[in-house]
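Have a look at the structure below before the remarks.
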Amino acid sequence: MNTPDHSDRDLRFITRAVELAKRGLYTTKPNPRVGCVVVQGDEIVGEGWHERAGESHAEIHALSAAGDRAKGSEIFVSLEPCAHAGRTGPCAQALVDAGVSRVVAAMIDPNPQVAGQGIEMLRSAGIAAEISEQDCGAVELNAGFCKRMTSGRPFVRLKVAATMDGRTAANDGSSQWITGEAARAEVHQLRARSCAIVTGIGTVREDNPRLNARVDEDVVQPLRVVLDGNGQLDPTARLFSESGDVLIVTSRADDEGYGFDARTEQLCLTGEDGRVDVAGVLDMLAERACNEVLVEAGAGVAGAFVSRGLVDEVWVYQSPDMLGTGGRGMFVMRGIRSIGDRVKFELTDVSRIGRDLRLIYSPSKEG
């Protein structure tokens, strides 16, 4: 389906479409982030991006901006135009109706309801339609949507703030603030792009976080998920003082329904070990159309996700300080007895954030 020779011109417009798509980073959930440009010759005559689920898609905004100049134009879009009607009509049909001459998409839509059908609809209408050989960052931008569509689970990032010697809290449990202001601001950006934030009851009891995204941009707040195996969550916890939904997951059915407001949902997901089934939590979140999940939790919950192979990326914000052997570690990994049992990761990115380091790890491809 790929066309072998794409010019620098095409890639320039695809890059612009991806840049536009990023404007919906915090607001399009659970839909993919999509940008679109309408081109006549070498001139962009219309631009648009998908801003919020349930509203017009990127192609519709761009066609509207182009007006009559859309006829005979070339369309560059960061994701294959949809061929099915959801809350809005199919974008492929809208492009046909607008009389465009050519469509270049950065990537195939992994949604089984589309998956090449948009390209075929365009071609059937006599429009030259192709997939760019270079996605220009479109796949990475929608990694969560792609994973949910292809595997049935969200893309999971696990965030840890730790000292240079791997401690997440001092001996007395205090942890505010291990990292600096710049690192903490970036974590709010991670929250803002996520569909859900998962934490444990220990973190809520000790740190009393709000778990919302505090950024100076429009944001659809993530669902806040608390793993509370034994029903210990206090209804006066600070996370209930913020707007947005809260989901409490317990491991005992008799802990459900213990007195929270209407925006707080409770359910029971029990694993074979009697604890909260963390894999089941991800399955449930995928069913609720969560593309990206951020785990911000203590060593027990963090270790449970890692040891079960449920993490796609670990983001470690490392301060240049030390807390010594009395401090708390980053992960509790109950199944590890020897060096051969270790869970392997690869370091994929290192950046300096203020006085701290940000290290991003992905699961190792080694056997």
*How many of the residues making up segment 191-226 are out of contact with any strand residue (DSSP E or B) (no Cβ under 9 Å at 6 or more places or on another chain) and open to solvent by less than 10 Å² (accessible area, probe 1.4 Å)?*
1
*Considering only segment 70-92, state which residues are modelled with pLDDT of 90 or more, more than 23 Å from Glu133 (Cα to Cα) and crowded, with 17+ Cβ neighbours inside 10 Å.*
Ala70
*Applying the selection to segment 107-150, what residues are among the charged types (D, E, K, R), touching a residue at least 60 places away in the same chain (Cβ under 8 Å) and open to solvent by 60 Å² or more (accessible area, probe 1.4 Å)?*
Glu133
*Applying the selection to segment 245-266, what residues are modelled with pLDDT of 85 or more and either hydrophobic (A, V, I, L, M, F, W, C) or assigned to a loop (DSSP other than H, G, I, E, B) (or both)?*
Asp245, Val246, Leu247, Ile248, Val249, Ser251
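Scan segment 6-29 for residues that are farther than 21 Å from Ala92 by Cβ, surrounded by fewer than 24 Cβ atoms within 10 Å (Cβ to Cβ) and touching a residue at least 12 places away in the same chain (Cβ under 8 Å) and jot them down.
Hits for segment 6-29 are Arg9, Leu11, Thr15, Glu19, Lys22, Arg23, Leu25, Tyr26, Thr27.
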_Residues that are over 24 Å from Gly303 (Cβ atoms) and either in contact with a Ser or Thr (Cβ under 9 Å, 6 or more places away or on another chain) or crowded, with 17+ Cβ neighbours inside 10 Å (or both), drawn from segment 227-243_ = Pro235, Phe240
*From (1) more than 19 Å from Asn31 (Cα to Cα); (2) part of a helix (DSSP H, G or I), pick out the condition that doesn't hold for Gly166.*
(2)
_Selected residue (only one of Val77, Val103, Val39, Val34 is closer than 23 Å to Glu292 by Cβ and out of contact with any His (no Cβ under 7 Å at 6 or more places or on another chain))_ = Val77
*Counting only residues that are open to solvent by less than 20 Å² (accessible area, probe 1.4 Å) and closer than 26 Å to Val18 by Cα, which one in segment 164-190 is nearest to the chain's Cα centre (by Cα)?*
Leu190
*Please specify each residue of segment 48-60 satisfying the condition of being within 21 Å of Asp10 (Cβ to Cβ) and open to solvent by 60 Å² or more (accessible area, probe 1.4 Å).*
Trp49
*asked:* What's the total number of residues in segment 140-163 that are within 8 Å of the chain's Cα centre (by Cα) and part of a helix (DSSP H, G or I)?
replied: 3
_Given the criteria closer than 24 Å to Gly326 by Cα and assigned to a loop (DSSP other than H, G, I, E, B), does Asp172 qualify?_
yes
*Would you point out the residue of segment 101-139, among those that are in a helix (DSSP H, G or I) and polar (S, T, N, Q), that is modelled with the lowest pLDDT?*
Gln117
*Could you look through segment 295-330, keep only residues that are part of a helix (DSSP H, G or I) and of a type in the set (Val, Ile, Thr), and pick out the one that is surrounded by the most Cβ atoms within 10 Å (Cβ to Cβ)?*
Val301
*Just give me the residues in segment 214-245 being farther than 24 Å from Gly173 by Cα and under 18 Å from the mean Cα position of the chain (by Cα), in sequence order.*
Arg214, Val215, Glu217, Asp218, Val219, Val220, Gln221, Pro222, Leu223, Gly244, Asp245
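For (1) more than 19 Å from Val301 (Cα to Cα); (2) in contact with a Leu (Cβ under 7 Å, 6 or more places away or on another chain); (3) not acidic (Asp, Glu), each residue gets a yes or a no:
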{"residue": "Gly118", "(1), (2), (3)": "yes, no, yes"}
{"residue": "Ala125", "(1), (2), (3)": "yes, no, yes"}
{"residue": "Glu133", "(1), (2), (3)": "yes, no, no"}
{"residue": "Glu140", "(1), (2), (3)": "yes, no, no"}
{"residue": "Arg148", "(1), (2), (3)": "yes, no, yes"}
{"residue": "Ser151", "(1), (2), (3)": "yes, no, yes"}
{"residue": "Arg157", "(1), (2), (3)": "no, yes, yes"}
{"residue": "Gly173", "(1), (2), (3)": "no, no, yes"}
{"residue": "Trp177", "(1), (2), (3)": "yes, no, yes"}
*Can we say Arg334 is part of a strand (DSSP E or B), among the basic types (Lys, Arg), in contact (Cβ under 8 Å) with a residue 12 or more places away in the chain and in contact with a Ser or Thr (Cβ under 8 Å, 6 or more places away or on another chain)?*
no
_Top-ranked residue in segment 270-294 [being within 23 Å of the chain's Cα centre (by Cα) and open to solvent by 30 Å² or more (accessible area, probe 1.4 Å); ranked as modelled with the lowest pLDDT]_ = Asp277
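The values are calculated or read from the model by the stated rules, or taken from the named source; none is laboratory data. Because the structure is a prediction, the values reported are computed rather than measured. Backbone-built Cβ (ideal geometry, glycine too); neighbour counts: all protein chains shown. These area figures cover heavy atoms from the full protein model, side chains too; ligands, DNA and RNA do not enter into them. Shrake-Rupley method; radii C 1.70, N 1.55, O 1.52, S 1.80 Å.
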